[in-house]
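Have a look at the structure below, then the notes.
The values are calculated or read from the model by the stated rules, or taken from the named source; none is laboratory data. Quick caveat: nothing in here was measured; it's all calculated off a predicted structure. Every residue, glycine as well, gets a Cβ built from its backbone with ideal geometry; the counts of neighbours run over all protein chains shown. Calculation scope for accessible area: heavy atoms of the full protein, side chains included, ligands and nucleic acids excluded. Shrake-Rupley method; radii C 1.70, N 1.55, O 1.52, S 1.80 Å.
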Amino acid sequence: MVTRGAGQNSTYYGCISDIVIAQEYATPIGPIKTDTYPRKACGPDLDQIMMGSEGTFGVLTHVTLKIFRHTPETVKRFSYMFKDWETAQAAAKEIMQSEAGYPSVFRLSDPEETNIMLHMYNVIDSPVRHLFKLKGFEEGKMCLFLSFTNGEKGFSKNLAKHTKRVCRKYGGLTLTGYVTKSWEKGRFNDPYMRDTMQDFGLVMDTMECSVNWSNMSKVHAEVRKFVKSRPHTICMTHMSHVYPQGANLYWIFITRMHDPAEFKAYHAGILDAIQKSGASMSHHHGIGKMFAPWLEGSIGHNEYEVFRTLKEHFDPDGIMNPGGTLGFDLTEEEKISKEQNYMSKLK
């Protein structure tokens with residue numbers, strides 16, 4: 001919550017900032033406690049002010065969250081294949097703007113990630129491969145959409161039908177729920193490969209950002225261009241946590257690397273590409289010390305000074321989260337503005 005996180009099912013249920021009802025913090029100036037009213041118009045929302053502070057204002061001690069009915073029997077799983085990234089984006093946008101409800105899980109993979117997933121889940125070696133060729137779907141271009149719906153039985157069923165209509169409108173080929181179930185089975189196991197891969201000099205990490213529909217293709221292309229500028233690098237990208245106005249783009253990159261300084265420079269270059277392409281610096285991973293130099297350049301100087309004022313109010317002696325993930329300890333030279341090119345700065 002202190003990083004404004006988002007779970008896998010957030011497209012329907014909401015991110016943490018949507019499901020928090022009340023919070024309590026221990027701060028250097030005393031306890032801070034919000035109330036449980038469903039809505040009110042009594043100035044700025046203190047809950048929203050505290051969320052995302054990452055321990056720089058105080059320590060979260062209690063939280064009250066919304067709860068939802070657990071109805072696994074109403075879940076509808078499905079998957080579709082689109083011929084290309086642009087068509088897949090158009091379908092995703094229409095699904096989210098149609099006001100028919102939102103799927104809870106919404107994962108749309110770009111061509112590189114799609115190709116890897118087809119091999120991981122043994123789809124490419126099945127008879128479906130021949131169906132792809134028959135229908136004019138080309139490996140290296142097609143995009144995989146995985147999703148499922150939650151909620152009341154009638155709602156979930158109707159939303160699945162509506163999603164099917166939109167996918168077919170854009171030429172989507174149904175793969176039933178098999179691929180979605182395969183992904184669901186391995187989604188919590190695959191990340192554990194990371195530590196083992198590092199033993200062999202292979203680095204796997206992730207970056208993500210919030211993007212509007214209007215520049216989705218631009219952000220995707222420009223960030224991928226930088227990630228792939230390193231030779232022999234895998235860059236899997238998917239759209240998740242989708243909204244009527246846009247979506248989260250999530251990059252998973254795998255490359256051979258041994259030097260921590262080299263990784264830091266590469267990581268910084270990705271952040272720089274994200275900011276320059278016109279996307280947010282994070283969607284749900286939060287900020288952290290490695291991201292801090294980009295924060296002021298990302299949100300604007302006047303907006304950043306609001307954060308500084310809050311920090312000075314809650315923590316006048318600067319004892320919370322020493323060093324600070326919001327970058328208050330950085331000099332002006334250490335900060336990264338939208339105009340700076342971090343990689344040229346390293347040379």
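Taking K and R as +1 and D and E as -1, what net charge do the other residues with C-beta under 12 Å from the C-beta of Thr233 add up to?
Every neighbour counted, the sum reads +3.
Normalised by the number of residues in region 46-182, the average gap of Cα pairs under 8 Å and 6 or more apart makes the relative contact order 43 percent.
Reported value for region 127-252: 161 Å³ per residue, from the convex hull of its C-alpha atoms.
Distance from the C-alpha centroid of region 265-299 to that of region 54-90: 22 Å, rounded to the whole angstrom. For region 31-65, the set of trypsin sites (Lys or Arg not before Pro) satisfying both a DSSP loop assignment and a count of at most 16 other C-beta atoms within 10 Å is given as Arg39, Lys40.
Which of Asn248, Asn212, Asn122 ends up with the largest GNM mean-square fluctuation for the chain, with Cα atoms connected below 10 Å? Greatest mean-square fluctuation among the candidates belongs to Asn122.
What is the dipole size for the chain, taken about its Cα centre, with +1 at each Lys and Arg Cβ and -1 at each Asp and Glu Cβ, in debye to the nearest 20?
The calculation lands at about 1840 debye.
Where the centroid of each part is defined by its Cα atoms, how far is region 157-183 from region 92-132 in Å? Between the Cα centre of region 157-183 and that of region 92-132, the gap is 9 Å.
Where (1) 67, 54, 42; (2) 51, 47, 43; (3) 67, 54, 37 are the candidate values, the label of the one calculated here for Cα extents along the principal axes in Å is (3).
Using a 1.4 Å probe on the protein heavy atoms, what percent of the accessible area of region 199-347 belongs to carbon and sulfur? Carbon-and-sulfur percentage of accessible area, whole number: 58. Between exposed GluC sites (Glu not before Pro) in the chain, where DSSP calls loop and at most 14 other Cβ atoms lie within 10 Å, what's the longest gap? In the chain, the maximal stretch lacking such sites is 153-338. Assuming charge only on the beta carbon of Lys and Arg (+1) and of Asp and Glu (-1), the dipole of region 222-304 about its Cα centre is about 320 debye to the nearest 20. What region 1-132 shows is 51 Å² of accessible area per residue, with the surface traced by a 1.4 Å probe over protein heavy atoms. Think of the chain as a dipole: +1 on every Lys or Arg Cβ, -1 on every Asp or Glu Cβ, centred on the Cα centre; then among Phe137, Gly5, Thr233, Phe137 lies furthest on the positive end.
Estimated from helical segments only, the mean residue ellipticity of the chain at 222 nm is -11000 deg cm²/dmol, where each DSSP H run of four or more residues counts as -39500 (n - 2.57).
Rounded to the nearest 10 square angstrom, Tyr102 shows an accessible area of 80 square angstrom against a 1.4 Å probe. Considering only Gly14, Met50, Ala90, whose Cα is most displaced toward the positive end of the charge dipole of the chain, charges sitting on Cβ of Lys, Arg (+1) and Asp, Glu (-1)? Of Gly14, Met50, Ala90, it is Ala90.
Here the accessible area is traced with a 1.4 Å probe on the protein chains. For region 8-167, carbon and sulfur cover 54 percent of it.
Qualifying trypsin sites (Lys or Arg not before Pro) in region 175-213, where qualification requires a DSSP coil assignment and no more than 15 other C-beta atoms within 10 Å, comprise Arg187. When the residues His62, His285 are ordered by accessible surface, computed with a 1.4 Å probe over the protein chains alone, the sequence from largest down reads His62, His285. Heavy-atom accessible area for Trp183, with the other protein chains in place and a 1.4 Å probe, reaches approximately 10 Å². Computed with a 1.4 Å probe over protein heavy atoms only, the accessible surface of region 192-315 comes to 45 Å² per residue. For the set Phe82, Phe328, solvent exposure ranked by accessible area (probe 1.4 Å, protein chains only) runs largest to smallest as Phe328, Phe82.
The figure for Phe188 is an accessible area of roughly 140 square angstrom, using a 1.4 Å probe on the protein chains alone.
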